[in-house]
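The block underneath contains the structure these notes are about, expressed in structure tokens.
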Amino acid sequence: MKKILFFLVIIAVCFSACKDKANTNNNDTDDDTDDDTGDETITLGQGDFFAYFAEIPPVIDGNGDDPAWEKSKWQDIKYAWMYQPPKSLSGTLSSDGAVSKTADFSGRFKVVWTADRLYILAEIIDDIIYCPVTAPDQSPEKNDCLELFIDENASGGVRNSDGGNNFFTYHLNFDGVNAADWIGTRIELRNSHVNYKINKAGAPLYIWEIEMKVYDGSYPLASTPNTAPVKLTEGKKMGFAAAYCDNDKNEHSGSQSQIGDRDHFIGSMFVTGSTDNERNTAYLNSNQYAKLYLVK
């Protein structure tokens, strides 16, 4: 009888240990909605995400195979910021404005950081690359281009040609050199702010690898390449969004001054508004930017 009781106790202990291990494993998921940064736990809102510290920064070569990217999670570029449904996109819109992935376009990105730079890796599938505007400081949104929006302290607010640089709206050209920044009704080239390479070997998949300096609202309105960027630290919160301008030649003819607009504009966060002008405001106002949290 004592032997039977002894074996029953052993079985009960083993069962309890297995249950505890299973519970631990069930809690170890890839869900990135909460992160304990020390003094507080951050709960992410729609479109918000974490960027992880890179001990060794990635090499900007367009390959995206550096160990620095392994921990960082992909963020989709999937919301229609103009044209619902987008004029040339063969996909459909869900109730929250997300566009289903198609051969015409799909995109995603991830972000890591060091004390001196942000690093962005983007994968874009685009079946037709069309860049009819040749001047880098004229209507960059009419070309196929990747747009990156950053508000250094997530302060939000409006920016115009007479205001400061409380946020930046980088339009990265397919030439791998130019970064045009819309400021109200004018454009400034910010080529010294970014270093990027585009791997085009796997077309229609294009891999963008980007190194970005981060500036605050004290940056002069006109570009000044020798200005020092801000230092990035753990726990910092920034406003951030990514978007893609897709021009499929569908409505374009004549001289450059007559070139029509992009065929659709897809962003990384849901934006409110019932018209194109109401939704397409990220270059004018950073209030709807998602929040990017720097963590280790």
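Of everything in the range 178-195, what is farther than 14 Å from Ile150 by Cα, free of Cβ contacts under 8 Å to residues at least 40 places away in the same chain and not charged (D, E, K, R)? Give them in sequence order.
Thr185, Asn191, Ser192
Results for (1) among the β-branched types (Val, Ile, Thr); (2) within 21 Å of Asn287 (Cβ to Cβ); (3) at pLDDT below 90, shown as yes or no for each residue.
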position	(1), (2), (3)
Thr134	yes, no, no
Asn143	no, no, no
Gly157	no, yes, no
Lys197	no, no, no
Leu205	no, no, no
Ile210	yes, no, no
Tyr215	no, yes, no
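Are any residues in the range 193-213 under 22 Å from Leu292 (Cα atoms) and buried (at least 21 other Cβ atoms within 10 Å of the Cβ), and if so, which ones?
His193, Val194, Tyr196, Trp208, Glu209, Ile210, Met212
Does the range 235-244 contain any residue that is part of a loop (DSSP other than H, G, I, E, B), at pLDDT 90 or above, surrounded by fewer than 20 Cβ atoms within 10 Å (Cβ to Cβ) and touching a strand residue (DSSP E or B) at 6+ places or on another chain (Cβ under 9 Å)? Outline the logic, then answer.
Of the range 235-244, the ones part of a loop (DSSP other than H, G, I, E, B) are 235-236.
When the remaining residues are screened for being at pLDDT 90 or above, the result is 235-236.
Now drop any that are not surrounded by fewer than 20 Cβ atoms within 10 Å (Cβ to Cβ), which leaves 235-236.
Now drop any that are not touching a strand residue (DSSP E or B) at 6+ places or on another chain (Cβ under 9 Å), which leaves 235-236.
Yes, there is a match, as at least one residue in the range 235-244 is part of a loop (DSSP other than H, G, I, E, B), at pLDDT 90 or above, surrounded by fewer than 20 Cβ atoms within 10 Å (Cβ to Cβ) and touching a strand residue (DSSP E or B) at 6+ places or on another chain (Cβ under 9 Å).
Any residue that is modelled with pLDDT of 95 or more and surrounded by fewer than 13 Cβ atoms within 10 Å (Cβ to Cβ) - is there at least one of those in the range 75-95?
The answer is no, given that none of the residues of the range 75-95 is modelled with pLDDT of 95 or more and surrounded by fewer than 13 Cβ atoms within 10 Å (Cβ to Cβ).
Of all residues in the range 139-190, which are buried (at least 24 other Cβ atoms within 10 Å of the Cβ), of a type in the set (D, E, K, R) and touching a His at 6+ places or on another chain (Cβ under 7 Å)?
Passing the criteria: only Glu147.
Among the residues of the range 44-71, how many are at pLDDT 95 or above and in a loop (DSSP other than H, G, I, E, B)?
Number satisfying all stated conditions: 15.
I want to confirm something. Restricting to the range 278-296 and keeping residues that are in a strand (DSSP E or B) and either modelled with pLDDT of 95 or more or among the acidic types (Asp, Glu) (or both), which single residue is farthest from Val158 (Cα to Cα)?
In this case the residue turns out to be Val295.
Taking the options Pro132, Pro136, name whichever one is more than 23 Å from Pro57 (Cα to Cα), outside any strand (DSSP E or B), of a type outside the set (Gly, Ala, Ser) and in contact with a Leu (Cβ under 9 Å, 6 or more places away or on another chain).
Matching residue, one of Pro132, Pro136: Pro136.
For Gly176, only one of the following conditions fails: (1) assigned to a loop (DSSP other than H, G, I, E, B); (2) in contact with an Asp or Glu (Cβ under 8 Å, 6 or more places away or on another chain). What is its number?
Going through the list (1) assigned to a loop (DSSP other than H, G, I, E, B); (2) in contact with an Asp or Glu (Cβ under 8 Å, 6 or more places away or on another chain), Gly176 breaks only (2).
Taking Phe270 as meeting all but one of (1) modelled with pLDDT of 95 or more; (2) part of a loop (DSSP other than H, G, I, E, B), write down the number of the exception.
Every listed condition holds for Phe270 apart from (1).
The values are calculated or read from the model by the stated rules, or taken from the named source; none is laboratory data. Everything numeric in this text was worked out from a predicted model, so none of it was measured. Glycine also receives a Cβ, built like all others from the backbone with ideal geometry; neighbour counts cover every protein chain displayed.
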